[in-house]
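The values are calculated or read from the model by the stated rules, or taken from the named source; none is laboratory data. Please read all numbers here as calculations on a predicted model, not as lab measurements. Here the Cβ positions follow ideal geometry from the backbone for every residue, glycine too, while neighbour counts run over all protein chains shown. Protein only, heavy atoms only, side chains kept; ligands, DNA and RNA dropped before computing areas. Shrake-Rupley method; radii C 1.70, N 1.55, O 1.52, S 1.80 Å.
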Amino acid sequence: MHSAPDTPLLWVLRCEHQLTGTKFGCGIGVCGACTVLLDNTARPACQIPISTILKSRVVTIEGLDSTEARALKKAWIECDVVQCGYCQSAQLIAATALLYCHRHPTDSDVDEAMRDIACRCGTFPRIRKAIHQAARSLRP
Ligand code: FES
Ligand code: FES
């Protein structure tokens, strides 16, 4: 299948590549459930026409395996972050992007990095705890 140039990245990932870990929520750039890493920056895949990123590197939850991501996944488990799970791919993507920039994130850095991703289950206090725990584990 070849997508039209204006097809959102989200649908290319989910429908052409069966990478269904990237979730559909609102489709209008509001909920953050579709967040992926685009050249190491967290971006909503529902808002990115496929023709605009032909030379960019996209990482979804399926391929998220950097040192930072592994530290976060470990902390996520230890802090028992997940509830229903729907938003959690996006949360881990955004947290990874944060740790690429900040090894000592403050609470406000965390809030800023995670603010565009809604969690209806209210896991944010545990997300914040897990991000700090992962950041600590990455420091020398
Ligand atoms: S589905 Fe993309 S921001 Fe909601
Ligand atoms: S864990 Fe349920 S929406 Fe976030």
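Values for this structure:
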item: Enumerated helices (runs of 4 or more DSSP H) restricted to the range 45-140, each holding at least 3 residues that are within 16 Å of ligand 2 (Cβ to nearest atom) and open to solvent by 20 Å² or more (accessible area, probe 1.4 Å); result: 124-138
item: Subset tally (residues that are over 20 Å from residue 98 (Cα atoms) and more than 16 Å from ligand 2 (Cβ to nearest atom)) for the range 21-44; result: 2
item: Residues located in the range 1-35, provided they are among the aromatic types (Phe, Trp, Tyr) and closer than 16 Å to residue 119 by Cα; result: 24
item: Odd one out for residue 105 among (1) within 22 Å of residue 120 (Cα to Cα); (2) over 16 Å from the mean Cα position of the chain (by Cα); (3) not small (Gly, Ala, Ser); result: (1)
